[in-house]
1. Got a sec? Charge dipole of the chain, +1 on Cβ for Lys and Arg, -1 for Asp and Glu; which of Gly108, Val127, Ile26 is way out at the positive end?
2. Does segment 111-164 come out rounded, prolate or oblate, given a ≥ b ≥ c as the square roots of the eigenvalues of its C-alpha gyration tensor, rounded meaning a/c under 1.5 and, failing that, prolate meaning a/b above b/c?
3. Where in segment 98-114 does the amide nitrogen come within less than 16 Å of the point 7 Å from the Cα of Gln136, taken along Cα to Cβ?
4. Based on Cβ point charges of +1 for Lys and Arg and -1 for Asp and Glu, what charge dipole magnitude is obtained for segment 111-164 about its Cα centre, in debye rounded to the nearest 20?
5. Share of antiparallel DSSP beta bridges in segment 111-164, in percent to the nearest 5?
6. Would you please report the Å³ per residue occupied by the convex hull of the alpha carbon atoms in the chain?
7. When Leu143, Leu33 are ordered from fewest to most other Cβ atoms inside 10 Å of their Cβ, what list results?
8. Springs between alpha-carbon pairs under 10 angstrom, Gaussian network model over the chain: which of Ile138, Ile63, Ile43 fluctuates most?
Amino acid sequence: MTDKSKKQPKKDDTPAIPAEDLQLQIDQLTEALQRERADATNIRRRHDAEMTGLRTRVKATVIEDLLPVIDNFERALKHVPEDLKDNDYVKGVQGVVKQFEKALADMGVERIKTVGEPFDPALHEAVSMEEGDGDQEIVSEELQAGYHVNGDVIRHAMVRVKTQ
């Protein structure tokens, strides 16, 4: 065997970098990586919040479109003649209304409390005002139900207000 067959270590032509410079580069790259990770986390968090908001807006829009249906069912049930109150057809319509209300509740939709509650312009829309002997405004009658989901009002309750 000749000496040529033995591999000799290759000589490194790159200049030696001082340890302080290497540590500085490592620190800079570490900081850059941490910033990128924080940015990615913030983007993910912002995306999740936007998606949640979008779902809520879509749900509210669909519910808003369906509310007139339940309003009409409720109006029809208020005007059922006394002799038809126990009719199977009327009971079926009442069942549909209850099923609709349960479906809304399952989606997180709640009816806004009205009669006997203090008037709140964030929840109630006053149609008329009756003067009373007090200075506190109380909802005396509900003309149209209002609904909210996750604290966001879908439709204000249309009410009459009386001071007590």
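1. Ile26
2. On the way: a/c = 2.67, a/b = 2.09, b/c = 1.28.
Prolate.
3. 114, by backbone N distance to the label point.
4. Here the size comes out at about 320 debye.
5. So the antiparallel bridges in segment 111-164 amount to around 65 percent.
6. On the way: hull volume 42.5 nm³, N = 164.
It is 259 Å³ per residue.
7. The order, fewest Cβ neighbours first, is Leu33, Leu143.
8. Highest fluctuation among the options: Ile43.
A short reminder: the numbers here are calculations on the coordinates, not readings from a lab. Everything numeric here is computed off the predicted structure, so don't read it as measured data. Neighbour counts run over all protein chains shown; Cβ positions are idealised from the backbone, glycine included.
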